[in-house]
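A.B. asks: My structure is below; once you've seen it, I'll send some questions.
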Amino acid sequence: MALMLRLDDLSVGYPGAGQPVLAGVSLESQRGDFICIVGRNGAGKSTLMRTIAGLQVPLAGSVALEGEDIAAMHPAVRARRIAVVLTERRFSPGLKVEDVVSLGRQPFTNWRGRLTDDDWRIADDALKQAGASAFSGRYFDDLSDGERQRVLIARAIAQTPSVMILDEITAFLDLPGRVEIMSLLRRQAREEGTCVLLSSHDLDLSLELADRIWLLDGSGGLAEGRAEALIAAGRIGRAFDTDEVVFSNDRKRFELR
């Protein structure tokens, strides 16, 4: 597989805030990887993802996309190569589903910002890939949480990115909805060669579905590997166990002590 992302001695956080949220992170991801980023609240998942997306400057080190420093990329170039989906993203009232998805093609338009027939075809194909074609013609604000997430993923797919970064997008979905969305993203990675990074509080599903896990331990460190290796090494338990709840390595789930 081709190298996609490279994090080199990366430290992320906020200038003037004292200690970095994460420090000295060095790892790589390949084309077609489906990676779940997990950790306790406040461990730094969103900060890491914003830095990888180029929305936040690293405190130290670098993030490279196919050998090119993301922080140094022109915003227009970055918008063609990296798609970002956030839970808090809001759109202007009155936009229909196809309008939202077509926004994924804006980085590729000319100075007039007009979409070509090919752009509309790509947007329509993205709706189909995301299982959202049935929502065409409806207003985005009228959709359920699960339907909106499919449309936002379709917008990201329409962007034809090298990397797709999704921050806690399954947080408000029921279990079937979370399974469907995560399965969709894993399929997108495998079939299109996109490197998909998904932060999630759903540890059970992440351990089951992800190709690789990036585990933030809450003390400024990050462990990376396959789920079974992290479980066997006791890394999951050390990151998540509390006085009342413990992660069972044998059952691969949380249990009361």
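A.B. asks: State which residue pairs qualify: first residue within 19 Å of residue 225 (Cβ to Cβ) and touching a residue at least 24 places away in the same chain (Cβ under 8 Å) and inside the stretch 1-30, second residue loosely packed, with under 11 Cβ neighbours inside 10 Å and small (Gly, Ala, Ser) in any location, beta carbons under 7 Å apart, and separation of 6 or more residues or different chains.
C.D. replies: Taking only residues 6 or more apart or on different chains, the pairs are 30/2.
A.B. asks: Tell me the residue from 64, 83, 23 that is at pLDDT below 95 and of a type in the set (Gly, Ala, Ser), please.
C.D. replies: Details: 64 fails: at pLDDT below 95; 83 fails: at pLDDT below 95.
After ruling out the rest, the residue left standing is 23.
A.B. asks: A further question on this structure: Failed condition for residue 168, given (1) crowded, with 23+ Cβ neighbours inside 10 Å; (2) at positive phi, with all others met?
C.D. replies: (1)
A.B. asks: Continuing with this model, one more query. Out of the residues in the stretch 26-46 that are more than 24 Å from residue 187 (Cα to Cα) and crowded, with 19+ Cβ neighbours inside 10 Å, which is modelled with the lowest pLDDT?
C.D. replies: Quick first cut of the stretch 26-46, residues more than 24 Å from residue 187 (Cα to Cα) only: 26, 40-44.
Narrowing further to those that are crowded, with 19+ Cβ neighbours inside 10 Å: 43-44.
Numbers: 43: 87, 44: 90.
Once the filter is applied, the top-ranked residue is 43.
A.B. asks: For the stretch 78-98: of the residues being touching a Ser or Thr at 6+ places or on another chain (Cβ under 9 Å) and of a type outside the set (Val, Ile, Thr), which is nearest to residue 47 (Cα to Cα)?
C.D. replies: Once the filter is applied, the top-ranked residue is 86.
A.B. asks: Okay, moving on. Say we look at the stretch 145-162 and pick out the residues that are surrounded by 24 or more Cβ atoms within 10 Å (Cβ to Cβ) and among the small types (Gly, Ala, Ser); which of these is nearest to residue 78 (Cα to Cα)?
C.D. replies: Top of the filtered list is 156.
A.B. asks: Quick check: is even one residue across the stretch 79-93 part of a loop (DSSP other than H, G, I, E, B), crowded, with 21+ Cβ neighbours inside 10 Å, in contact (Cβ under 8 Å) with a residue 60 or more places away in the chain and of a type outside the set (Ser, Thr, Tyr)?
C.D. replies: Within the stretch 79-93, the first condition is being part of a loop (DSSP other than H, G, I, E, B), and the residues that meet it are 87-93.
Narrowing further to those that are crowded, with 21+ Cβ neighbours inside 10 Å: none.
No: the stretch 79-93 contains no residue that is part of a loop (DSSP other than H, G, I, E, B), crowded, with 21+ Cβ neighbours inside 10 Å, in contact (Cβ under 8 Å) with a residue 60 or more places away in the chain and of a type outside the set (Ser, Thr, Tyr).
A.B. asks: Can you tell me which residues in the stretch 26-54 are of a type outside the set (Asp, Glu), farther than 20 Å from residue 240 by Cα and assigned to a strand (DSSP E or B)?
C.D. replies: The answer is 26, 27, 29, 30, 34.
A.B. asks: Further, regarding this structure: Just to be sure I understand the filter: pairs with C-beta atoms under 6 Å, separated by 6 or more residues or on different chains, first member in the stretch 197-222 and farther than 16 Å from residue 43 by Cβ, second member part of a strand (DSSP E or B). Which pairs pass?
C.D. replies: As it stands, the answer is 210/34; 210/36; 211/34; 212/35, since those pairs meet every condition given.
A.B. asks: Identify the single condition in (1) closer than 27 Å to residue 66 by Cα; (2) part of a helix (DSSP H, G or I); (3) within 19 Å of the chain's Cα centre (by Cα); (4) not acidic (Asp, Glu) that residue 122 does not satisfy, given that it satisfies every other one.
C.D. replies: Only one criterion is unmet by residue 122, namely (3).
A.B. asks: Look through the stretch 129-144, keep the residues that are exposed (fewer than 13 other Cβ atoms within 10 Å of the Cβ) and free of Cβ contacts under 8 Å to residues at least 40 places away in the same chain, and return whichever of them is farthest from residue 92 (Cα to Cα).
C.D. replies: Just the residues of the stretch 129-144 that are exposed (fewer than 13 other Cβ atoms within 10 Å of the Cβ), to begin with: 134, 137, 142, 144.
Next, from what is left, pick out any that are free of Cβ contacts under 8 Å to residues at least 40 places away in the same chain: 134, 142, 144.
Details: 134: 21, 142: 13, 144: 17 Å.
Among them, the one singled out is 134.
A.B. asks: Is there a residue in the stretch 75-96 that is β-branched (Val, Ile, Thr) and over 23 Å from residue 210 (Cβ atoms)? Give the steps one after another, and end with the answer.
C.D. replies: From the stretch 75-96, those β-branched (Val, Ile, Thr) are 77, 82, 84-85, 87; that's our starting set.
Still in the running and over 23 Å from residue 210 (Cβ atoms): 77.
Yes, that holds for at least one residue.
A.B. asks: Right, next: Hey, can you tell me all the residues within the stretch 148-201 that are charged (D, E, K, R) and in contact with a helix residue (DSSP H, G or I) (Cβ under 7 Å, 6 or more places away or on another chain)?
C.D. replies: From the stretch 148-201, those charged (D, E, K, R) are 148, 150, 155, 167-168, 174, 178, 180, 186-187, 190-192; that's our starting set.
Passing the criteria: 148, 155, 167, 178, 186.
A.B. asks: Still on this structure, please answer the following. Considering 196, 246, which residue is of a type in the set (A, V, I, L, M, F, W, C) and over 15 Å from the mean Cα position of the chain (by Cα)?
C.D. replies: Numbers: 196 fails: over 15 Å from the mean Cα position of the chain (by Cα).
Result of the check over 196, 246: 246.
The values are calculated or read from the model by the stated rules, or taken from the named source; none is laboratory data. Remember, predicted model here, so these are calculated numbers, not experimental data. Positions of Cβ are backbone-derived with ideal geometry, glycine not excepted, and every protein chain shown enters the neighbour counts.
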